[in-house]
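Accompanying notes for the structure given below.
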Amino acid sequence: IRDRFTYGVAVIVIGILLSVFQQAIGINAVLYYGPSIFSDSGLSSGDSLFYQVLVGSVNMLTTILALLIIDKVGRKKLVYYGVGGMIVSLLLIAAYFACGQTLGISPVALLTVFLAYIFCCAISICVVVWVLLSEMYPTKVRGLAMSIAGLSLWVGTYLIGQLTPWMLSTLAPTGTFLLFAVMCVPYILIVWRLVPETKGLSLEEIEKITK
């Protein structure tokens, strides 16, 4: 009984970490504050709003693609590929804000990297986290655990929404996106070390391999 209780607590904690780090990676910061971020890159306000529409469109279409391929590629592989691409994209975004304008690089290059970041995020963690959470929890605690994970995700969403303006003004865009890139590393480590691959397994089979 103690082992089952310990395992139940452990998977709940893992779910909380996955939910919180998903927000710490910065996806909602881009979706919420994209127009102001694009304006800081030198775009006019009209262009920045249009580019934000592109960001939302890529997010929606890529999410649909992720739903179509998640059972073929596997949950953990999508996380590895997607978060790896996010790290590269975030580093390039930080580099642009650090020296892109000085070097005369077009803001369109920044848009391209932003769209790559959104693509990598939408095809991996934005979809995978919900599938993993629903599959890895034991049946007896799934309802409670999913509620706690969902609450954690929305708390993380609120915090990142409130903190992003402060980070952009205090750390500048360069420091903010570097921080988001750093936050990608523990997310990958958690998935690699603590989360089982559930591709092609029934809920009963998943419970057996996680006991």
For this session: Any residue in region 153-166 that's open to solvent by 100 Å² or more (accessible area, probe 1.4 Å): show its pairings with residues that are not in a helix (DSSP H, G or I) at Cβ separation under 7 Å, as long as the two are six or more apart or on different chains.
Result: none
Seminar exercise, completed: Log entry, pairs with first residue in region 181-210 being among the charged types (D, E, K, R), second being modelled with pLDDT under 80, beta carbons closer than 7 Å, six or more apart or on different chains, reads GLU207/PRO138; GLU207/THR139
For this session: Go through region 80-117 and give me each residue that's in contact (Cβ under 8 Å) with a residue 24 or more places away in the chain and not in a helix (DSSP H, G or I).
Result: GLN101
Exercise. If TRP192 satisfies every condition in (1) within 20 Å of SER89 (Cα to Cα); (2) surrounded by fewer than 15 Cβ atoms within 10 Å (Cβ to Cβ) but one, which is the exception?
Worked result: (1)
Exercise. Of all residues in region 93-107, which are aliphatic (A, V, I, L, M) and surrounded by 12 or more Cβ atoms within 10 Å (Cβ to Cβ)?
Worked result: ILE93, ALA94, ALA95, ALA98, ILE105
For this session: Quick one: VAL131 ticks every box in (1) assigned to a helix (DSSP H, G or I); (2) farther than 23 Å from ILE16 by Cα; (3) open to solvent by less than 70 Å² (accessible area, probe 1.4 Å) except a single one, so which number is it?
Result: (2)
Exercise. Of the numbered conditions (1) at pLDDT below 75; (2) closer than 25 Å to VAL83 by Cβ; (3) small (Gly, Ala, Ser), GLY26 satisfies every one except a single condition; which is it?
Worked result: (1)
Exercise. Looking at region 39-52, is at least one residue out of contact with any Lys or Arg (no Cβ under 8 Å at 6 or more places or on another chain), more than 23 Å from GLN101 (Cα to Cα) and either modelled with pLDDT of 85 or more or not small (Gly, Ala, Ser) (or both)?
Worked result: no
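Listed here are the residues, each with its yes/no results for (1) closer than 30 Å to SER41 by Cα; (2) in contact with a Phe, Trp or Tyr (Cβ under 8 Å, 6 or more places away or on another chain).
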{"site": "VAL129", "(1), (2)": "no, no"}
{"site": "TRP154", "(1), (2)": "yes, no"}
{"site": "PRO173", "(1), (2)": "yes, yes"}
{"site": "PHE180", "(1), (2)": "yes, no"}
{"site": "CYS184", "(1), (2)": "yes, no"}
Problem set entry | Boolean, GLY156 is of a type outside the set (Val, Ile, Thr) and at pLDDT below 90 | yes
Seminar exercise, completed: The condition from (1) surrounded by 17 or more Cβ atoms within 10 Å (Cβ to Cβ); (2) more than 14 Å from ASN28 (Cα to Cα); (3) at pLDDT below 90 that SER147 misses is numbered (1)
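The values are calculated or read from the model by the stated rules, or taken from the named source; none is laboratory data. Source: prediction; values computed, not measured. Quick reminder, even Gly has a Cβ in these numbers, built from the backbone with ideal geometry, and neighbours come from all protein chains shown. Side chains included, ligands, DNA and RNA excluded: accessible areas come from the protein's heavy atoms. Shrake-Rupley method; radii C 1.70, N 1.55, O 1.52, S 1.80 Å.
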